[in-house]
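S.K.: Can you read through this structure? Questions will come right after.
The values are calculated or read from the model by the stated rules, or taken from the named source; none is laboratory data. Computed from a predicted model, the values in this text were never measured in an experiment. Ideal geometry is used to build each Cβ from the backbone, glycine not excepted, and the neighbour counts take in all protein chains shown. SASA here: full protein model, heavy atoms, side chains in, ligands and nucleic acids out. Shrake-Rupley method; radii C 1.70, N 1.55, O 1.52, S 1.80 Å.
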Amino acid sequence: MNYKKAKMKNYDLYFIKTKKFKTISASLYLTREVTKEDEVYCAILRKVLLYATNQYHNLDELCRAGMALYDPSVSIGFVKSGLDRTFYLETTFVNEKYTEKGMNKKSLEYALSHLWDPYVKKGAFDNEIFEICKHEYIETMRRIKDDPDRFTEERIWEEMHLYSFGEMTVQACIKYASKLTAKDLYNYYLSLFEKDSLSVFVAGDFDENAIKEVLDNNIKGNFKPNYKLRPLKGVKRKERMLTEKAHTEQSKLAIGLRYVGLTDFERKYVSLVYNNILGSGWNSKLNKTIRLANSLCYYIYAVRRLSFDAAFIYSGIDAAATDKTIKLIKQEIANMHTNISDREIDRVKEIYNNALTEIEDNQMAIINNVIMQVLSDTDSIDERRKNMAKVTIDDVKNMADKVNIDTIYLLEGDADNEEDL
Amino acid sequence: MKKTFKHLDIDVEEEVLDNGLRVFICPMDRHEAMAKITTLYGSKILEFKPQNKDEYMKIPAGTAHFLEHKMFAKEDSEDIMNLFQQNGAMSNAYTNAHVTSYYFSSPTKFLDNLKTLLDLVTKPYYTEKNVAAEMGIIDQEIKAGFDNPEEMAYYTTIYNTFAKTPYRYPVGGYSESIKKITPEILYDCYHTFYHPSNMILTISGNVPKETMEFIKNYYAKIDYQKQKPIQIKKYEEPANVYKDKEIVYRDVTNNILEHGFKVSIKDIDMPLFKIREYLKIYLIIKFGSISKFNKKCFENKNILTAVSHYVDINDDYIFIDFDTKVMEVKDIFDQIYTNLNDKNFTEEDFNLTNKNNLKNTILLSENVDSINGIIDYHVQKYGKVLYDIYDLVKSLNYKEGKKLIDNLDFTHDTRTIITKKPE
């Protein structure tokens with residue numbers, strides 16, 4: 001999908017024109033180097049910005065105003081990616097061709113007002129809203145331990161120590177948030193427009209000048225020039241295992257893998273094939289062995305976090321068969337050195353190519369694809385197809401030498417803890 | 001026969017095959033194509049007359065879901081999921097209280113994948129060995145559900161809302177019940193509920209022109225006996241809930257509250273579509289983002305998550321399920337009860353909410369899976385596709401909606417608390 005770049009005052013704007021959809025979508029990405037505290041600031045800030053604006057001081061008033069505009073979707077969030085973090089706003093609204101003239105402008109202005117026209121009193125966010133959002137955040141963090149799957153994901157992430165500055169643990173986040181004030185958060189908010197770089201992406205069927213005018217009138221800030229998102233290179237550590245107890249029937253297992261010393265081609269393409277063969281989908285080695293051949297789990301899968309040169313294997317397993325399951329998983333990881341077939345490689349390539357084709361069926365996927373090309377070093381769709389075709393069995397076997405088990409985390413259930421309705 | 005979704009620019013080729021299968025093909029300007037086949041057999045059917053028998057047969061809770069898992073095993077070919085994946089297709093299946101569905105999507109090799117999908121539902125293969133192997137897997141799925149306090153809250157609430165119907169049981173059943181499932185039980189269920197006349201095939205997206213012909217040719221090779229009407233045991237479900245309160249102890253940080261309502265629509269003289277839409281609008285007005293209730297919840301630090309709701313229709317009753325997380329239980333249940341029973345709302349709020357209902361209807365044609373889902377859902381619930389859905393939504397009005405809400409009885413409720421055991 002082609003895109004067109006327009007240079008604005010101090011940020012970049014990308015237009016992706018398509019007539020396939022009845023909606024217009026826009027994504028605004030604010031990016032800078034990640035710090036330890038971003039996790040807490042961004043999580044509370046997104047809540048505060050979604051609850052009120054300068055024009056609408058309550059959630060119901062804000063939502064009512066949105067519904068009068070055919071309810072544009074507005075989401076605000078953040079992503080930590082390697083050495084950087086992105087704070088983003090995404091919106092999708094119905095093209096005015098299908099509703100009323102003037103709705104494109106009003107809908108986009110409504111979405112932008114969440115980020116550029118917040119509810120501020122005396123140089124800080126409204127304290128009442130801030131305190132509610134802070135309280136919600138703290139309780140959400142405290143509650144993580146109630147969900148065994150989510151808790152396991154948090155714990156393996158904490159134990160992998162992926163950041164040089166040390167990942168903030170759940171407890172550290174709670175402690176840090178407790179001390180935060182509405183003024184602190186507002187200062188962090190202001191820093192977005194001084195320290196971040198901004199990229200704006202708009203997709204759909206629209207008048208470019210009209211969109212530019214809305215953006216020009218609403219976006220304020222002295223943004224830094226754009227830079228590419230940078231991955232965090234993997235380092236090898238000695239394998240370690242950590243077990244914690246839970247009051248559940250099932251055990252949750254997470255295995256953290258680090259990729260060490262990958263080439264650019266391996267990072268972009270071979271690691272995808274490696275991960276899919278090992279643990280993605282029904283045909284993966286892990287699913288065939290752990291679920292189908294040994295009935296030890298309902299789910300097992302591996303997921304890549306490429307910006308951290310890492311991957312994670314997750315499974316909910318029979319509490320009475322932990323040792324056997326871990327042994328079999330390790331065997332399958334070892335099998336990646338030797339036991340790879342053309343059929344397995346072809347399957348992954350077919351799925352990959354289909355996924356590239358389907359990008360054009362979804363407007364947000366189209367935008368995300370352009371974002372990946374602009375902000376990271378992702379290749380174009382055509383280049384991706386060509387490069388994926390080059391991946392060989394030997395490439396995958398060689399990559400296996402660069403995959404190391406870093407941490408095994410087990411949230412151990414109690415096999416005798418049975419209770420039915 | 002060609003039908004058209006009015007005002008949505010979508011055509012559908014609709015046909016009933018000789019064997020009774022209802023087929024809907026909806027071409028769209030997309031790369032992806034999706035096919036879904038649904039049998040009107042869900043987890044709530046636990047007593048029925050098998051096609052070749054005169055007596056009612058009782059089956060264990062969780063059988064429909066178990067059968068869904070086992071449909072992927074085949075005698076003379078490799079696992080069906082492998083075939084989909086080898087063709088680059090995404091595929092999956094699900095069971096709920098009402099139906100079991102199997103589907104795939106892919107931008108290539110559509111007819112190859114469609115054949116695989118049809119093989120999936122027409123070639124059962126259950127053995128003692130493959131049934132035993134599945135038990136361990138499904139047992140882990142069940143245990144994961146009961147380990148999750150939010151799912152436990154839901155299981156408890158639906159169980160206590162209904163007294164007789166198996167709709168009250170978890171879709172997957174229980175660790176104990178699935179141990180009683182045998183290949184014979186699965187074959188009886190299969191031959192009763194997987195006959196094409198009890199199924200719906202819905203296809204949408206980038207569909208080859210010869211698809212309908214392909215489907216007809218596929219089924220022409222299979223000799224289906226004409227099926228007798230399926231007899232499923234009816235339950236005299238009382239208006240009252242089974243149990244009005246339950247406390248479940250779990251190691252949780254915050255309390256989880258789940259509030260179930262059982263609303264009879266037995267004597268309501270209105271099409272089901274309208275009942276559902278009016279109730280949906282009412283609940284958004286009373287509990288959604290524009291409601292005073294939601295504002296109060298947000299400002300109340302004791303309430304940690306917005307009170308969200310879920311609605312499902314089961315025969316003569318609507319099940320409304322509210323859930324939230326709180327620091328202390330206090331009077332939250334009473335607040336939900338009072339707000340639901342207040343029944344006052346303005347025409348302005350009604351029109352505002354229905355405006356967005358209309359927007360959502362316009363956007364049904366955006367995605368291959370949303371139009372596929374709506375066709376499948378309409379046939380399941382209303383027996384036909386509502387091609388005039390746009391006009392139907394547009395015609396919803398305050399007066400009719402208010403009258404319906406005034407006639408609904410929201411007084412039968414059950415309250416579930418998931419909390420930490422006192423020291």
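S.K.: For residues that are away from every other protein chain (no Cβ under 14 Å) and aliphatic (A, V, I, L, M), scanning just the range A:69-84, find the one that is surrounded by the fewest Cβ atoms within 10 Å (Cβ to Cβ).
M.R.: By that ranking, first place goes to A:Val79.
S.K.: In addition: Any idea which of (1) in contact with a strand residue (DSSP E or B) (Cβ under 6 Å, 6 or more places away or on another chain); (2) at pLDDT 95 or above is the one A:Asn226 doesn't satisfy?
M.R.: (2)
S.K.: Looking at the range B:1-56 only, could you name the residues that are aliphatic (A, V, I, L, M) and either farther than 25 Å from B:Leu120 by Cα or within 14 Å of chain A (Cβ to nearest Cβ) (or both)?
M.R.: Residues satisfying the conditions are B:Met1, B:Leu8, B:Ile10, B:Met28, B:Ala33, B:Met34.
S.K.: Here are some conditions: (1) within 30 Å of B:Lys53 (Cα to Cα); (2) out of contact with any helix residue (DSSP H, G or I) (no Cβ under 8 Å at 6 or more places or on another chain); (3) among the hydroxyl-bearing types (Ser, Thr, Tyr). B:Tyr310 meets all but one. Which one does it not meet?
M.R.: Going through (1) within 30 Å of B:Lys53 (Cα to Cα); (2) out of contact with any helix residue (DSSP H, G or I) (no Cβ under 8 Å at 6 or more places or on another chain); (3) among the hydroxyl-bearing types (Ser, Thr, Tyr) one by one, B:Tyr310 breaks only (1).
S.K.: Could you tell me which numbered condition B:Asp409 fails, if it satisfies all but one of (1) part of a helix (DSSP H, G or I); (2) surrounded by fewer than 18 Cβ atoms within 10 Å (Cβ to Cβ)?
M.R.: Against the list (1) part of a helix (DSSP H, G or I); (2) surrounded by fewer than 18 Cβ atoms within 10 Å (Cβ to Cβ), B:Asp409 comes up short only on (1).
S.K.: Still on this structure: In the list A:Asn398, A:Asn353, which residue meets the criterion of being in a helix (DSSP H, G or I), open to solvent by 30 Å² or more (accessible area, probe 1.4 Å), more than 14 Å from every other protein chain (Cβ to nearest Cβ) and touching a helix residue (DSSP H, G or I) at 6+ places or on another chain (Cβ under 9 Å)?
M.R.: Going through A:Asn398, A:Asn353 in turn, the sole match is A:Asn398.
S.K.: Just name the residue that is nearest to the other protein chains (Cβ to nearest Cβ) out of those in the range A:112-124 that are in contact with a Lys or Arg (Cβ under 8 Å, 6 or more places away or on another chain) and within 22 Å of A:Lys179 (Cα to Cα).
M.R.: Within the range A:112-124, the match that is nearest to the other protein chains (Cβ to nearest Cβ) is A:Ala124.
S.K.: For the range B:344-379, what are the residues that are within 20 Å of the chain's Cα centre (by Cα), open to solvent by less than 30 Å² (accessible area, probe 1.4 Å) and either of a type in the set (Val, Ile, Thr) or closer than 15 Å to A:Thr23 by Cα (or both)?
M.R.: If the condition is that a residue be within 20 Å of the chain's Cα centre (by Cα), open to solvent by less than 30 Å² (accessible area, probe 1.4 Å) and either of a type in the set (Val, Ile, Thr) or closer than 15 Å to A:Thr23 by Cα (or both), then B:Thr361, B:Leu364, B:Val368, B:Ile371, B:Ile375, B:Val379 are the ones that fit.
S.K.: Continuing with the same structure: Of all helices (runs of 4 or more DSSP H) completely enclosed by the range B:245-361, which ones contain at least 1 residues that are under 16 Å from B:Leu404 (Cα atoms)?
M.R.: It comes to B:272-287, B:332-342.
S.K.: A:Asn127 - would you say it is at pLDDT 95 or above, under 21 Å from A:Asn217 (Cβ atoms), within 14 Å of another protein chain (Cβ to nearest Cβ) and out of contact with any Leu (no Cβ under 8 Å at 6 or more places or on another chain)?
M.R.: So A:Asn127 does not fit the description; no.
S.K.: Scan the range B:179-202 residue by residue and report those that are closer than 18 Å to B:Lys228 by Cα, open to solvent by 10 Å² or more (accessible area, probe 1.4 Å) and either among the small types (Gly, Ala, Ser) or not in a helix (DSSP H, G or I) (or both).
M.R.: Within the range B:179-202, B:His195, B:Ser197 qualify.
S.K.: Would you please name the residue that is nearest to the other protein chains (Cβ to nearest Cβ), looking only at residues in the range B:281-328 that are surrounded by fewer than 16 Cβ atoms within 10 Å (Cβ to Cβ) and of a type in the set (Lys, Arg)?
M.R.: So, considering only residues that are surrounded by fewer than 16 Cβ atoms within 10 Å (Cβ to Cβ) and of a type in the set (Lys, Arg), the one nearest to the other protein chains (Cβ to nearest Cβ) is B:Lys301.
S.K.: Does B:Lys421 fit the bill of being assigned to a helix (DSSP H, G or I) and open to solvent by 20 Å² or more (accessible area, probe 1.4 Å)?
M.R.: So B:Lys421 does not fit the description; no.
S.K.: With respect to the numbered conditions (1) open to solvent by less than 10 Å² (accessible area, probe 1.4 Å); (2) within 14 Å of another protein chain (Cβ to nearest Cβ); (3) in a strand (DSSP E or B); (4) of a type outside the set (D, E, K, R), which one is the sole condition not fulfilled by A:Ile277?
M.R.: (3)
S.K.: Filter the range A:287-307 for residues that are over 14 Å from A:Lys324 (Cβ atoms) and either more than 7 Å from chain B (Cβ to nearest Cβ) or open to solvent by less than 40 Å² (accessible area, probe 1.4 Å) (or both) and give the result.
M.R.: The answer is A:Asn287, A:Lys288, A:Leu292, A:Tyr299, A:Tyr301, A:Ala302, A:Val303, A:Arg304, A:Arg305, A:Leu306, A:Ser307.
S.K.: Let me ask something else. Show the residue pairs meeting these rules: Cβ distance below 8 Å; 6+ apart or different chains; first residue within the range A:130-149 and aromatic (Phe, Trp, Tyr); second residue open to solvent by 30 Å² or more (accessible area, probe 1.4 Å).
M.R.: A:Phe130/A:Thr181; A:Tyr137/A:Lys47
S.K.: Moving to a separate point now. Do any residues in the range B:102-114 that are away from every other protein chain (no Cβ under 14 Å) have Cβ atoms under 7 Å from those of residues that are in a helix (DSSP H, G or I), where the two are at least six apart or on different chains, and which pairs are they?
M.R.: That search, which allows pairs on different chains as well, returns B:Leu111/B:Phe214; B:Leu114/B:Phe214.
S.K.: How many of the residues making up the range B:250-275 are open to solvent by 30 Å² or more (accessible area, probe 1.4 Å) and either modelled with pLDDT of 95 or more or away from chain A (no Cβ under 14 Å) (or both)?
M.R.: 9
S.K.: Sticking with this one: Given the criteria touching a residue at least 24 places away in the same chain (Cβ under 8 Å) and either facing chain B (nearest Cβ under 9 Å) or not in a helix (DSSP H, G or I) (or both), does A:Tyr314 qualify?
M.R.: yes
S.K.: Also, I was wondering about something else. Look at B:Ile137 and say whether it is within 21 Å of B:Thr419 (Cβ to Cβ) and of a type in the set (A, V, I, L, M, F, W, C).
M.R.: no
S.K.: Listed residues A:Phe87, A:Phe93; which is in contact (Cβ under 8 Å) with a residue 60 or more places away in the chain and within 11 Å of chain B (Cβ to nearest Cβ)?
M.R.: Result of the check over A:Phe87, A:Phe93: A:Phe93.
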